[in-house]
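Chemist: Here it is: the structure, laid out below.
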Amino acid sequence: MCGKNRRLFYTLSMTVLPQKYRQLLPPALLAAVVLAIYFPVFHFGFVRWDDPQLVSENPLVRSFSPKIWVSYDPQLYDPLTMFSYQMEYLIGGGSAGIFHAVNVLLHFLTAYLLYLLLKAFRFGAVAALVGALLWAVHPLHVEAVAWVSGRKELLWAFFFFASLLVSMHFPSGDRRRWLGLPLFLCALLSKVSALTLPVVLLLLEWRDTGRVTARRTAALWPFWLLTVVFGIIALFGRGKSAALLPVMDALLLFVRSIAFTLSKVLWPFSLSAIYPAEPASLLHPASLFGIASVAALFIACYLLRRYRSVVFGLVFFLLTLAPGLFAYLKSNDITLTSDRYAYVPLAGLIIAVLAYHSLLPHSLLRRRLGTISAVVLVVFWATLSHAQVMTWRDTETLFQHVLASAPDSTVAMNNLGFIRLNAGELDAAEKFVTEALALKPDYPDALVNLATIEAKRGRYDEAETALRHALAIQPENAQAWFNFAGIALVRRDDETAVERYRIVVTIRPTHEQAWWQLSNALLRLGKGSEAADAYRTTLTLNAGYRGKNPELDRLAE
C-alpha cells in the first residue's frame with residue numbers, strides 16, 4: 001500500500017470509528033496483552049512462601065477480623081492489602097483463582113493509569129501507549145502479579161499513580177491537589193513504600209517550573225504528615241531488619257542493589273524469587289560496579305539537567321526504589337533485592353526514555369525504526385514474562401527455579417525440604433535440610449524442619465536438641481516453640497506443653513493450632529475455665545474446630 005493509500009485508509013478508519021471507541025483502544029490493547037501473558041495464573045494455587053501465612057492459612061483473613069488494622073503481617077503494616085484478601089476470601093473462599101484474578105486486574109488497571117500519567121506528562125497518545133505497554137510486559141513484574149503475596153506492590157502502585165494523576169490535574173499550589181490525599185493514604189495502607197510521594201510531587205514542581213520554593217513545600221503539609229506517621233509505623237515493623245547490617249555494609253548493599261536492578265531492567269534474564277547477597281568489601285568488583293552505576297546515574301542527571309523530564313524520570317526511579325531496598329532480610333538471609341521492588345520505579349525509567357526520545361530529531365526513518373523497535377521489544381519482553389509466569393505455578397517449581405539460578409540458596413533448599421517433609425519423603429527432606437544447614441548452620445527454620453524429621457522418626461531427644469538450637473538463635477520462633485510443645489505432649493507432660501503453648505500464642509496470637517492444643521492440654525489438667533477461654537479464642541480464629549471435642553463445646557457455652 002503506497003503512502004497516499006495508507007493516509008486515506010487511516011482517515012477513513014478514524015472517520016468510521018467514533019471518538020468514544022477510539023478512546024477504548026489503549027485500555028483494550030493493554031488488557032489483551034496483560035491477559036495473554038498472565039492467563040495461566042488463573043489455574044495456579046497458592047505457593048508455600050508467605051501465601052499461607054498472609055492469606056490461605058491466615059486466621060485474620062478467614063475470620064474477617066478487624067485486627068488487620070492494628071497489626072503487622074508480621075513486619076509490614078498493610079491493612080488495606082489484608083482487607084482485599086478478606087473480601088476475596090468472602091467471595092471465593094479458599095480458592096486461589098480469585099486472588100490471582102484480582103492481581104491480574106490490578107496490574108491492568110495500574111498499566112492504564114500509567115498510560116494516563118504519561119499523557120499528563122505531555123507525551124503523545126502513541127508514545128504514552130508504547131510506554132505503558134513496555135511497563136506492563138516487563139518480566140520483572142511477574143513476581144508481583146503471579147504471586148498472591150505480591151498484592152501489596154500492585155495496590156500501592158495503583159493508588160500511588162492515581163494520587164499522582166489527581167495532583168497533576170490541578171495547577172501547582174492549588175489546594176485541590178489535596179484531593180489526591182485519600183488516594184495517598186490508601187497507598188500507604190497498602191504498603192509504606194508509598195511514602196516517597198510528597199518528594200515526587202516536589203520533583204514534579206521542579207520539572208514544571210525549574211525551582212522548588214519553601215511555600216510550595218509547606219503547602220504539601222498533609223502529605224508530609226502522613227509520610228512521617230507511616231514512617232514511624234514502618235520502623236516498628238522493620239526496625240530489627242534495618243539494623244541488621246553495619247552502616248557501611250548496608251550502604252554498599254544499597255548501591256549494589258540499585259546496579260543489580262538496573263541490570264535486570266536492561267537484561268531481564270535469569271530472574272529469580274531470591275537473589276542471595278554475598279558479603280562484599282568496598283574494593284570488591286560487585287561494590288565497585290554498584291558505586292560506578294549509581295555515580296553514572298547522578299552524572300547523567302547533572303549533564304541532562306536542562307532536560308527536566310529526563311532527570312525527573314531518573315530521580316523517580318531512585319526515589320521509589322529506595323524503600324524496598326531496606327527490606328533486604330528474607331527468611332533470615334541477606335538478599336540483593338526482589339523483582340517486585342522494581343514495579344513502580346520502572347515507570348521512572350520509562351518516563352526518562354520517552355522524554356529523551358522526544359528530544360531527538362523526528363525523521364520518517366527514525367519514527368519507523370522507533371515503532372519497529374518498540375513492537376519487537378514488547379513482543380520479546382512479553383514472551384519472557386509468559387515463560388517466567390510458569391515458574392510460579394507451584395512451590396516446588398518456584399524453588400527449583402531459584403536453585404537453578406542460585407545453587408547456594410539455603411532458603412530454596414529448606415523450602416524444598418519442607419515440601420518433601422509434607423509428602424512424607426523423610427530421606428529426601430533430610431537431604432535438602434542438611435544441605436541448607438551445611439551452608440548455614442544457624443538457620444532456625446531449617447533446624448525446625450530437621451527437628452520435625454527427627455520427631456517423625458521417633459528420635460525425640462535429637463528433635464529437642466535441634467529445637468533448642470533454633471530457639472537459642474531466634475527465641476521468638478513460634479513454630480519452634482509449637483513443635484517443642486508437641487514433643488511435651490507426646491511425652492504426656494501436659495504442664496510443660498501448656499507453658500510452651502502459652503509462649504507460642506504470646507508470640508503469635510493468631511496461631512489457631514496452638515490455641516486448640518492449649519485448650520485440650522488445660523482440659524486434661526482439670527483447668528476447665530482456662531480451657532474454655534482458650535477454646536473460645538480458637539473458635540474465633542477458626543470455627544472449624546467446633547465439635548471436635550464435645551467437652552470443650554460444653555464448657556465454652
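Chemist: Somewhere in the stretch 390-405, is a residue crowded, with 17+ Cβ neighbours inside 10 Å, closer than 30 Å to Leu117 by Cα and hydrophobic (A, V, I, L, M, F, W, C)?
Modeler: no
Chemist: Can you give me the ranges of the helices (runs of 4 or more DSSP H) entirely in the stretch 450-557 with at least 2 residues that are open to solvent by 80 Å² or more (accessible area, probe 1.4 Å) and either touching a residue at least 60 places away in the same chain (Cβ under 8 Å) or farther than 27 Å from Asn422 by Cβ (or both)? Spell out how you get there, then give the answer.
Modeler: Working: elements: 460-473, 478-490, 494-507, 512-524, 528-541, 550-556.
Counting at least 2 such residues, we get 494-507, 528-541, 550-556.
Chemist: Being in a helix (DSSP H, G or I), out of contact with any Pro (no Cβ under 7 Å at 6 or more places or on another chain) and open to solvent by 10 Å² or more (accessible area, probe 1.4 Å) is the requirement here; does Leu133 meet it? Give the steps one after another, and end with the answer.
Modeler: Details: in a helix (DSSP H, G or I): yes; out of contact with any Pro (no Cβ under 7 Å at 6 or more places or on another chain): yes; open to solvent by 10 Å² or more (accessible area, probe 1.4 Å): yes.
Answer is yes for this residue.
Chemist: Keeping to the stretch 150-197, report how many residues are over 25 Å from Val389 (Cβ atoms), in a helix (DSSP H, G or I) and without any contact (Cβ under 8 Å) to a residue 60 or more places away in the chain.
Modeler: 23
Chemist: Could you grab me the full set of residues in the stretch 420-449 that are of a type in the set (Asp, Glu) and surrounded by 15 or more Cβ atoms within 10 Å (Cβ to Cβ)? Please lay out each step first, then the result.
Modeler: So the first thing to find is which residues in the stretch 420-449 are of a type in the set (Asp, Glu), and the list is 425, 427, 430, 435, 442, 445.
Correct list: Glu430, Glu435, Asp445.
Chemist: In the stretch 97-130, what count of residues is obtained for those that are closer than 19 Å to Met168 by Cα and either among the aromatic types (Phe, Trp, Tyr) or open to solvent by 10 Å² or more (accessible area, probe 1.4 Å) (or both)?
Modeler: Here is the first cut: in the stretch 97-130, the residues closer than 19 Å to Met168 by Cα are 109-125, 127-129.
Then drop every residue that is not either among the aromatic types (Phe, Trp, Tyr) or open to solvent by 10 Å² or more (accessible area, probe 1.4 Å) (or both), which leaves 109, 112-113, 115-116, 119-125, 127, 129.
Count: 14.
Conditions tested, residue by residue: (1) hydroxyl-bearing (Ser, Thr, Tyr); (2) modelled with pLDDT under 95; (3) farther than 21 Å from Thr81 by Cβ.
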residue	(1), (2), (3)
Phe108	no, no, no
Arg122	no, yes, yes
Arg151	no, no, no
Phe160	no, no, no
Ser172	yes, yes, yes
Leu202	no, yes, yes
Asp208	no, yes, yes
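Residue-by-condition table, conditions (1) more than 30 Å from Ala446 (Cα to Cα); (2) crowded, with 16+ Cβ neighbours inside 10 Å:
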residue: Ser257; (1), (2): no, yes
residue: Leu266; (1), (2): yes, no
residue: Ser309; (1), (2): yes, yes
residue: Thr320; (1), (2): yes, yes
residue: Leu346; (1), (2): yes, yes
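Chemist: Further, regarding this structure: Which of the following residues is buried (at least 20 other Cβ atoms within 10 Å of the Cβ), at pLDDT 95 or above and of a type in the set (A, V, I, L, M, F, W, C): Leu220, Leu188?
Modeler: Unique residue meeting the criteria: Leu188.
Chemist: If you check every pair at least six apart or on different chains, which have Cβ atoms under 6 Å apart with a residue in the stretch 331-359 that is within 22 Å of Ala132 (Cα to Cα) and of a type in the set (Lys, Arg) first and a residue that is open to solvent by less than 10 Å² (accessible area, probe 1.4 Å) and part of a helix (DSSP H, G or I) second?
Modeler: From the stretch 331-359, the pairs are Arg340/Glu143; Arg340/Ala144; Arg340/Gly150; Arg340/Glu153.
Chemist: While we're looking at this one, here's another question. Within the stretch 34-60, take every residue that is among the small types (Gly, Ala, Ser) and assigned to a helix (DSSP H, G or I) and give me the one that is most open to solvent (accessible area, probe 1.4 Å). Can you show your working first?
Modeler: Residues of the stretch 34-60 that are among the small types (Gly, Ala, Ser), as a first pass: 36, 45, 56.
Right, trim to assigned to a helix (DSSP H, G or I) and you get 36, 56.
Values: Ala36: 58, Ser56: 36 Å².
The selected residue is Ala36.
Chemist: Here is a list: Asp442, Asp394. Which entry is closer than 27 Å to Thr506 by Cβ and acidic (Asp, Glu)?
Modeler: Asp442
Chemist: Being under 20 Å from Ile351 (Cα atoms) and buried (at least 16 other Cβ atoms within 10 Å of the Cβ) is the filter here; which residues of the stretch 286-296 pass it?
Modeler: Ser293, Val294
Chemist: Oh, and also: Working only within the stretch 57-75, note down all residues that are farther than 13 Å from Pro509 by Cβ and in contact (Cβ under 8 Å) with a residue 60 or more places away in the chain.
Modeler: If the condition is that a residue be farther than 13 Å from Pro509 by Cβ and in contact (Cβ under 8 Å) with a residue 60 or more places away in the chain, then Arg62, Gln75 are the ones that fit.
Chemist: Hey, another quick one. Please work out which residue is least open to solvent (accessible area, probe 1.4 Å), limiting yourself to the stretch 61-90 and to residues that are aromatic (Phe, Trp, Tyr) and closer than 21 Å to Phe230 by Cα.
Modeler: Tyr77
The values are calculated or read from the model by the stated rules, or taken from the named source; none is laboratory data. As the structure is a computational prediction, the values presented were derived from the model and not from experiment. Quick reminder, even Gly has a Cβ in these numbers, built from the backbone with ideal geometry, and neighbours come from all protein chains shown. For accessibility, only protein heavy atoms count, side chains too; no ligands or nucleic acids. Shrake-Rupley method; radii C 1.70, N 1.55, O 1.52, S 1.80 Å.
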